Amino acid sequence: MAYWLFKSEPETWSWDDQVNKGGPEEWSGVRNYQARNNMREMKLGDLGFFYHSVKERSCVGIVKVAALAHPDTTTDDPRWECVDIEAVMPLERAVTLDEIKAHPELEDMVLVNNSRLSVQPVTEKQWRIICQMGGITPPEPA
């Protein structure tokens, strides 16, 4: 089981959009090799944080990987792949980037050190801490 963080600008695709989809949605449009490679490593049922970037800068929900890496349908360029994700549950309260940066046990988190990477790994320890900060018990893998 691996854990991830998926960043999205809420004006483009928000947590509410993800929830209202009612099922899996392609995490398309990623044009960064490291983010693409992270998606290639994902397994079905892996869990991730849904993160609102730009103004909100906070983890707001939990998603799961519902389809393995496949060609991104938003381009004809075969270099780009994506996974499908599905909403699992919201956090009871959003966990801001400032709160994450202030937590001493999260200082090595990719989000703290490379906040521009749109799809990034999260360690199990980081996962549990942020779930706790968000007021939820970490969901069990699917």
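Details
- The dipole here belongs to the range 69-142: it is taken about the Cα centre, uses +1 on the Cβ of Lys and Arg and -1 on the Cβ of Asp and Glu, and is about 260 debye.
- All lysines inside 25 Å of residue 101 as judged from Cα atoms, apart from same-chain residues fewer than 8 positions distant: 7, 55, 64, 125
- Note, ³J(HN,Hα) from phi for the range 82-90, Karplus 6.51, -1.76, 1.60, rounded to Hz, x at Gly and Pro: 8, 10, 9, 10, 9, 5, 10, 6, x
- Proximity of backbone amide H atoms, modeled 1.01 Å from N, is registered between residue 9 and 53 at under 5 Å, excluding neighbours fewer than 5 places apart on the same chain.
- In this Cβ point-charge picture (+1 for Lys and Arg, -1 for Asp and Glu), the chain has a dipole of about 260 debye about its Cα centre.
- Accessible-area composition of the range 74-125, carbon plus sulfur, in percent [1.4 Å probe]: 45 percent
- Where labels lie 7 Å past Cα in the beta-carbon direction, separation of residue 21 and residue 105 in nm: 3.1 nm
- Extending 7 Å from the Cα toward the beta-carbon at both residue 34 and residue 132 defines two label points whose distance is 2.8 nm.
- For residue 91, distant residues with modelled amide H under 5 Å away: 61, 62
- Whole-Hz couplings from phi, Karplus 6.51/-1.76/1.60, listed for the range 44-54; x for Gly and Pro: 4, x, 4, 10, x, 7, 9, 10, 7, 8, 6
- A 1.4 Å probe run over the chain, with the rest of the protein chains in place, finds 51 Å² accessible per residue.
- The range 96-138 and the range 1-77: distance between their alpha carbon centers, rounded to Å: 16 Å
- Note, ³J(HN,Hα) from phi for the range 106-117, Karplus 6.51, -1.76, 1.60, rounded to Hz, x at Gly and Pro: 10, 5, 8, 5, 3, 4, 6, 9, 8, 5, 8, 5
The values are calculated or read from the model by the stated rules, or taken from the named source; none is laboratory data. Just so it is clear, the structure is predicted and the values come from calculations on it, not from any experiment. Don't worry about glycine lacking a Cβ; one is built from the backbone with ideal geometry, like all the others, and counts go over all protein chains shown. Accessible surface areas use protein heavy atoms only, side chains included; no ligands, DNA or RNA. Shrake-Rupley method; radii C 1.70, N 1.55, O 1.52, S 1.80 Å.
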